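To start, the structure itself, in structure tokens.
Just so it is clear, none of the values below were taken in a lab; they were calculated from the coordinates. Note that the coordinates shown come from a computational prediction; the quantities given were computed from them, not determined experimentally. Glycine also receives a Cβ, built like all others from the backbone with ideal geometry; neighbour counts cover every protein chain displayed.
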Amino acid sequence: MSQNKDAKDIRNVVVQVFKNWSSMKPETNDPYYLADDKTVLFDAAPMQDIGWSTQKERLRRAFKDFEYFKMDPNEDLAVHQVGDLAWATTTWKYEIYFKDGKRIQHEGRGTFVLQRQGEKWLVVHDHISRPVL
């Protein structure tokens, strides 16, 4: 595969992951995350989830309190690849409308590590955070 096609495919995976999070249906990201109980995924809270299934269940519980959720990568999404490994970095923004009427907006940053498995690129690690100050 050409590196240009790989970079486009990797970018598409990351963009789709954000789009799927916005659906508030974590299972829509099943095709994009390594289904492994050892995968470490860092989030703003809690500190980390071990395994995609753990993060998926935590997000499912969190989304029950949301009326609306939108999370988008910014235009600075960058892809880097070495063979069958790649990482993508981006800043992002999200907006949440809670069922109780509260609304919040945040900006943050994210890093996604992907591995080619057959013809697919899968997220094997992600790290999402917001600035402290």
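Here are the numbers:
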| item | result |
| --- | --- |
| Separation of the His125 and Arg61 label points, Cα + 7 Å toward Cβ, nm | 2.6 nm |
| Additional length obtainable on full extension of the chain from Lys99 to Asp72, 0.36 nm per residue less Cα span | 7.6 nm |
| Cα Rg, Dmax (largest Cα-Cα span) when computed across segment 38-133, Å | 14.7, 47 |
| Net +/- balance of residues flanking Ala86 in space, Cβ distance below 11 Å, scoring K and R +1, D and E -1 | -1 |
| Contact order normalised by residue count of segment 3-129, Cα under 8 Å, 6+ apart, percent | 26 percent |
| Anchor Lys99: lysines whose Cα lies under 29 Å away (excluding residues fewer than 8 positions away in-chain) | Lys19, Lys25, Lys56, Lys64, Lys70 |
| Segment Lys38-His106, extension gain: residue separation times 0.36 nm, minus the distance between their alpha carbons | 21.6 nm |
| Surrounding net charge for Leu122, when Lys and Arg each add one and Asp and Glu each subtract one, Cβ distance under 12 Å | -4 |
| Ordering of 25-31, 13-19 by packing [mean C-beta count within 10 Å, highest first] | 13-19, 25-31 |
